[in-house]
Amino acid sequence: MAQHLLATADRYALERLKLLSELKLCEDVAISTVANTLALAEQHHCYQLNTVCLKFVALPDNLKAVMQTDGFDYLQPSCPSLLTELLEYVAKVGEHTVSPCLYSNGVLDGGGANGRRVKPRI
């Protein structure tokens, strides 16, 4: 119902109703609905809802599940720019969550734990 209220509020420039509908949709983001909600946010210029949806989809467990929904299949032909935005967002989030230490012993090519090159002890 909030989707219909959002569309109607946007159509008739009812900003308060649009904001309330957007906030309600932000609270109800789920794997089964997030792709459609993301398309709706794009269509009606709801930037807060767009950000909430992108953050939700960017979580590793959610991304796989969302990609298997019908809503995601709908995004591919109807909103290709959203897919580009989603990929950029996931890549950006991934850059900030990668551990600097890729190996269990903490040394990569002569580097110490802080990333500086160190001489091996003899």
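Give the order of THR8, THR69, THR37 when sorted by the count of other beta carbons within 10 angstrom, beginning with the fewest.
THR8, THR69, THR37
Want the number for THR69 to ARG16: 0.36 nm per residue separation, take away the alpha-carbon distance, what's left? The partial results should precede the final answer.
Working: separation 53, 0.36 × 53 = 19.08 nm, distance 3.14 nm.
Gain on stretching THR69 to ARG16: 15.9 nm.
Can you run phi through the Karplus equation (6.51, -1.76, 1.60; θ = phi - 60°) for region 43-48 and list ³J(HN,Hα) in whole Hz, with x for Gly and Pro?
Ordered by residue, 3J(HN,Hα) equals 5, 10, 6, 9, 6, 5 Hz.
With each label point set 7 Å from Cα along the Cα-Cβ vector, what nm distance links LEU87 and HIS4?
Going by the 7 Å Cα→Cβ label model, 3.6 nm.
Every number here is computed from the coordinates shown, using simple stated rules; none is lab data. Keep in mind that what you see is a predicted model, and the values were worked out from it rather than measured. Virtual Cβ from ideal backbone geometry, glycine too; neighbours counted across all protein chains shown.
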